[in-house]
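What follows draws every value from the coordinates through simple rules; no lab data is involved. Since the structure is predicted, the reported quantities are computational estimates derived from the model, not experimental observations. Backbone-built Cβ (ideal geometry, glycine too); neighbour counts: all protein chains shown.
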Amino acid sequence: MGNLVWHEYSRLVALTASIYTVWASFWGFFYRKFFWDFVNGTLRDPGGIQPANQDAFFIMIIVKIPIIQIITMLLAFFIIALEFPFPQLKGLAIYRSIPFRIVMLFFQAFFCILFYQGTNGAIWSLVAAGCYTRAQLLGETMTVAKDNKGKIGRA
């Protein structure tokens, strides 16, 4: 039996989470719902849960103007370009940085959890961040990234 290469597993989970996040953001444009409206909401007989007045900011940036969905989609496209990898990113330091990937996945999870369709993407982004953290703690290095150091645009 071999050893699990944590950063490779994390890369695949992060790709899956980011692709799901792009899809969820797309659906978030059409079916806009603030996920946490049930926390302070009021249950009304006709109409279901009505969000509280203190949630007006989130209703504005998620339901009325889909700013969170746009930010989430752009962030997910960037993570896909980083994980796949996009040839122009292969020689850069951000491609070789595991902590940078962890931070980006946490940001993706934060933005995903705000709208209803992005909850699964948030969960899998946190799983990928946890696996990258495990790889960092084990001292794994990305040999492919070291081999590509300084070779911008070459595959």
Spherically averaged projected area of the range 6-147 from its Cα convex hull (nm²): 9.3 nm²
Residues 92, 114, 43, 74, sorted so that the one with the fewest Cβ neighbours within 10 Å comes first: 43, 74, 92, 114
Amide H partners (placed H, <5 Å) of residue 115, local residues excluded: 35
Simple spin-label estimate for residue 133 and residue 40 in nanometres, 7 Å along Cα-Cβ: 2.8 nm
The range 1-37: trypsin sites (Lys or Arg not before Pro) falling in loop per DSSP and having at most 16 other Cβ within 10 Å: 33
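Excluding residue 117 itself, what net charge comes from residues whose Cβ is under 12 Å from its Cβ, given Lys and Arg +1 and Asp and Glu -1?
Values: positive: 32, 33; negative: none.
Residues close to residue 117 contribute a combined charge of +2.
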Positive-end residue of 3, 118, 52, charge dipole of the chain with Cβ unit charges: 3
Amide proton proximity set for residue 49, modelled H, under 5 Å, gap of 5+: 44
Estimated FRET transfer efficiency (residue 52, residue 106; beta-carbon r; R0 30 Å; 0.05): 0.65
Span-like helix ranges in the chain, DSSP H, alpha carbon extent 27 angstrom or more, Kyte mean at least 0.0: 6-30, 119-138
Computed label-point distance, nm, for sites residue 8 and residue 77 using a 7 Å Cα→Cβ extension: 3.1 nm
Fewest-first sequence of 13, 63 by Cβ atoms within 10 Å of each Cβ: 63, 13
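Nothing charged except the Cβ atoms of Lys and Arg (+1) and of Asp and Glu (-1): what's the magnitude of the dipole of the chain about its Cα centre? Round to the nearest 20 debye.
Here the chain has a charge dipole of around 520 debye.
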Sites residue 84 and residue 30 - FRET efficiency at Förster radius 22 Å, r taken between beta-carbons, to 0.05: 0.25
Qualifying chymotrypsin sites (Phe, Trp or Tyr not before Pro) in the range 7-112, DSSP loop, other Cβ atoms within 10 Å at most 10: 31
Least to most buried among 96, 44, 101 (fewest other Cβ within 10 Å first): 44, 96, 101
